[in-house]
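A quick write-up on the structure given underneath.
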Amino acid sequence: MNHDPFSAYAPRLSSEEYQQAVAALYRRVAEAPLPGAQGDITQALKTAEFNLAIDYKLGRNFPQEKRTALLAAKRRAEKQRLRLAGKFLQKSIRDKAFASGMQVWVEQLAEEFSKILSPQELNAFMELQAGEKPVLPIEADKL
């Protein structure tokens, strides 16, 4: 009996395949820039890289409708992250407030993803243990 909860989505990219695919993606763009507006190119790269992360963490056959929903959630959250980063760069907020804001952001992202993914899928995608909350590797009290 197969106990892999993602066997229906198999095969998954190995760590090496994932890293090579991401490197190849950026190498192709560096060697032969894509035509189009810079924002469109950046968005296409982010989408391709996000799909590679799904292939690596969940499986190449992960359902397209869930991929689309995850990407939409990520794009919505990205706007919030960029606003927070902009405030930090403009010195509107200090280091600790930025770190705290980023922690809230990653928790909200996980919450949005949890509306799309099963608990097992969420843990695998965000590299969490069962019951673990996402935490950024920043100790705000030491900033």
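Apply the Karplus curve 6.51 cos²θ - 1.76 cosθ + 1.60, θ = phi - 60°, to the phi angles in region 40-49 and return the couplings in whole Hz, x for Gly and Pro.
Result, ordered by residue: 5, 5, 4, 5, 5, 5, 4, 5, 4, 5 Hz.
Looking at region 1-136, how many pairs of lysines come closer than 13 Å at the Cα, when each pair is eight or more places apart or spans two chains?
Lysine pairs meeting both conditions in region 1-136 amount to 6.
Would you kindly derive the ³J(HN,Hα) couplings of region 54-64 from the backbone phi angles with the Karplus curve 6.51 cos²θ - 1.76 cosθ + 1.60 (θ = phi - 60°), listing them in order in whole Hz, with x for Gly and Pro?
The phi angles translate into 5, 4, 6, 8, 10, x, 5, 9, 4, x, 4 Hz.
Summing +1 for each Lys or Arg and -1 for each Asp or Glu, what net charge is found among the other residues whose Cβ lies under 14 Å from the Cβ of R75?
+3
Taking square-rooted eigenvalues a ≥ b ≥ c of the alpha carbon gyration tensor, is region 50-109 rounded, prolate or oblate, where a/c under 1.5 means rounded and, failing that, a/b exceeding b/c means prolate?
Prolate, since a/c reaches 1.5 and a/b exceeds b/c.
Could you do me a favour and compute the accessible area per residue for the chain, 1.4 Å probe, result in Å²?
Per-residue accessible area for the chain comes out at 66 Å².
The values are calculated or read from the model by the stated rules, or taken from the named source; none is laboratory data. Model, not experiment: these values are computed from the prediction. Glycine gets a Cβ as well: all are built from the backbone with ideal geometry, and neighbour counts include every protein chain shown. With ligands, DNA and RNA removed, areas are computed over all heavy atoms of the protein, side chains included. Shrake-Rupley method; radii C 1.70, N 1.55, O 1.52, S 1.80 Å.
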